[in-house]
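Undergrad: Handing you a structure now.
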There are 2 protein chains.
Amino acid sequence: MFSIGDLSRRTGVKVPTIRYYEQMGLIAAAGRTGGNQRRYDRDGLERLSFIRHARDLGLSIDAIRELTELSTHPDRPCADAHRIARDHRAQVRAKIARLKRLEAELGRIETMCDADTVGDCRIIEALADHGLCSGEH
Amino acid sequence: MFSIGDLSRRTGVKVPTIRYYEQMGLIAAAGRTGGNQRRYDRDGLERLSFIRHARDLGLSIDAIRELTELSTHPDRPCADAHRIARDHRAQVRAKIARLKRLEAELGRIETMCDADTVGDCRIIEALADHGLCSGEH
DNA sequence: CTAATCTCTCTAGTCGCTATAGGTTCAAGA
DNA sequence: TCTTGAACCTATAGCGACTAGAGAGATTAG
């Protein structure tokens, strides 16, 4: 049996975060000692590792809840799991695209100014005036 | 003179967000009518446009506050403005790099499963087990 | 003058934690 | 067995950048 601190060290998830996940319904309420401290078994450890990994991949708490609920029904079709992964990937791709446009624009702005004082600074000017931008963002 | 609603329509910044910016000290408190409603002039419009554009580029409220304060001192050196833009761009680049790794991993995970039911679903398996990943993320 | 629209302040909610305060329990050493 | 110190408990508040809603007052067009 692991204490919450053991679980934290083994998974890399901080103690308050584990309690937060419990509160959010991501992990079942753990068993308790006589003194009201949480105790976990190997199963709890695995569930938390799953959550940790899925969070690292950027999945939302809601998506993870859906996935854990799914995984308790091994006979259900796994189309929902596929959908969640696909949707998330699409979102990540969209975010990358947007950030790339931003990065290009920031690079352009950065090269615009060789002044020394704020009064002549084209960086501030470029930030102020969207018309000076090369495209959308 | 513009009402807060006029300003909102002209800049695309929502009314409560304008009030929020005022509260955060991003824009000076506007003049008021006898009935306590905010009235803005062309100057206020320009300041808000600046903020809008900088936010679109992803700059934080704090960074924008620093920039607006700088721009009220035209004789100061503009190295700080350069630094803010450069730092922000570096952050954007780092975020892009991380998201690209994620995207690759999600793509790999997506192709792993051709099962029909959750019990055999390798997507859930892959999400559970970081050891199945090809690299870091 | 009336009715519709706008605006005001204040409070609370979003997401995924993180931090703090004040108290209790556990495990190991003397 | 007792004591100490680390780990644990709950509850609450804060982060950033808004967004939503309530309930009341102001403005403006007809």
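Undergrad: When the Debye formula is applied to the Cα atoms of the protein assembly as shown, each taken as the same point scatterer, what base-10 log of I(q)/I(0) results at q = 0.13, 0.14 Å⁻¹?
TA: The calculated log intensity ratios at q = 0.13, 0.14 Å⁻¹ are -0.94, -0.99.
Undergrad: In what sequence do A:LEU57, B:LEU99 fall when counting other Cβ within 10 Å, fewest first?
TA: B:LEU99, A:LEU57
Undergrad: Still on this model: Pull up the cross-link candidates among the lysines for A:LYS14, meaning alpha carbon to alpha carbon under 30 Å and not fewer than 8 places away within one chain.
TA: The reachable lysines, counting only those whose Cα sits under 30 Å from A:LYS14, are A:LYS95, B:LYS95, B:LYS100.
Undergrad: Which residue is it, in chain A, that holds its beta carbon closest to the axis of the A-onto-B rotation, and how many whole angstrom away?
TA: Residue with the nearest Cβ, plus whole-Å distance, for chain A: A:ILE96, 3.
Undergrad: Taking region A:107-137, which GluC sites (Glu not before Pro) meet the DSSP loop condition and have no more than 11 other C-beta atoms within 10 Å?
TA: A:GLU136
Undergrad: For region A:84-123, report the convex hull volume of the alpha-carbon atoms normalised per residue, in Å³, without decimals.
TA: Measuring per residue, one finds 55 Å³ for the Cα hull of region A:84-123.
Undergrad: Turning to a different aspect of this structure: Would you mind pulling out the separation of the Cα centroids of region A:103-135 and region A:1-40, in Å?
TA: 50
Undergrad: Test of understanding: ordering A:LYS14, B:LYS100 by Cβ neighbours within 10 Å, fewest first, what list do you get?
TA: Result, fewest neighbours first: A:LYS14, B:LYS100.
Undergrad: Let me ask you something else. Kindly write out, for region A:89-100 in residue order, the coupling ³J(HN,Hα) from the Karplus curve 6.51 cos²θ - 1.76 cosθ + 1.60 (θ = phi - 60°), rounded to whole Hz, with x marking Gly and Pro.
TA: 4, 4, 5, 4, 4, 4, 5, 4, 4, 5, 5, 5
Undergrad: Report, in degrees rounded to the nearest 10, the 0 to 90 angle that the Cα long axis of helix A:61-71 makes with the longest principal axis of chain A.
TA: For A:61-71 against chain A, the angle is about 40 degrees.
Undergrad: May I pose another question? Just to confirm the numbers: A:LEU45, label point 7 angstrom along the Cα-Cβ line, distances to the other copies in nm, shortest first?
TA: So the label point of A:LEU45 gives 6.6 nm to the other copies.
Undergrad: Follow-up question, since we're still on this one. Taking a point 7 Å out from Cα toward Cβ as the label site, list the nm distances between B:GLN23 and the same residue in every other copy, smallest first.
TA: Here B:GLN23 shows inter-copy label distances of 2.2 nm.
Undergrad: Across chain A, how large is the tail of the calculated P(r) beyond 26 Å, expressed as a percent of all Cα pairs?
TA: Taking all Cα-Cα pairs of chain A, the fraction more than 26 Å apart is 51 percent.
Undergrad: Just tell me how shielded B:119-126 is by partners: mean number of partner chain Cβ atoms within 10 Å of each residue's Cβ, no decimals.
TA: Neighbouring Cβ atoms belonging to other protein chains average 6 per residue here.
Undergrad: Also, I was wondering about something else. Based on the Cα coordinates of region A:4-71, what is the per residue volume of their convex hull in Å³?
TA: 81
Undergrad: Next up: Give me the angle, in degrees from 0 to 90, between the Cα long axis of helix B:42-56 and the longest principal axis of the Cα atoms of chain B, rounded to the nearest 10.
TA: Here the helix axis deviates by roughly 10 degrees.
Undergrad: Across region B:29-39, in residue order, what do the Karplus-derived ³J(HN,Hα) couplings come to in whole Hz, using 6.51 cos²θ - 1.76 cosθ + 1.60 with θ = phi - 60° and x for Gly and Pro?
TA: For region B:29-39, the Karplus curve yields 4, 6, x, 10, 7, x, x, 6, 8, 5, 10 Hz.
Undergrad: Here's something else I'd like to know. Counting only residues 5 or more places away or on other chains, whose amide H sits under 5 Å from the amide H of A:ARG39 once H atoms are built in the peptide plane?
TA: A:GLY31, A:ARG32, A:THR33
Undergrad: Let me ask something else. For B:LYS95, place a label point 7 Å from Cα along the Cα-to-Cβ direction in every copy; what are the distances to the other copies, in nm, shortest first?
TA: Going from nearest to farthest copy, the values are 0.9 nm.
Just so you know, all these numbers are worked out from the coordinates, no wet-lab data involved. Treat the numbers as computed from the prediction; the structure is a model and nothing was measured. Because the Cβ atoms are built from the backbone with ideal geometry, glycine has one as well, and the counts that use them run over all protein chains shown.
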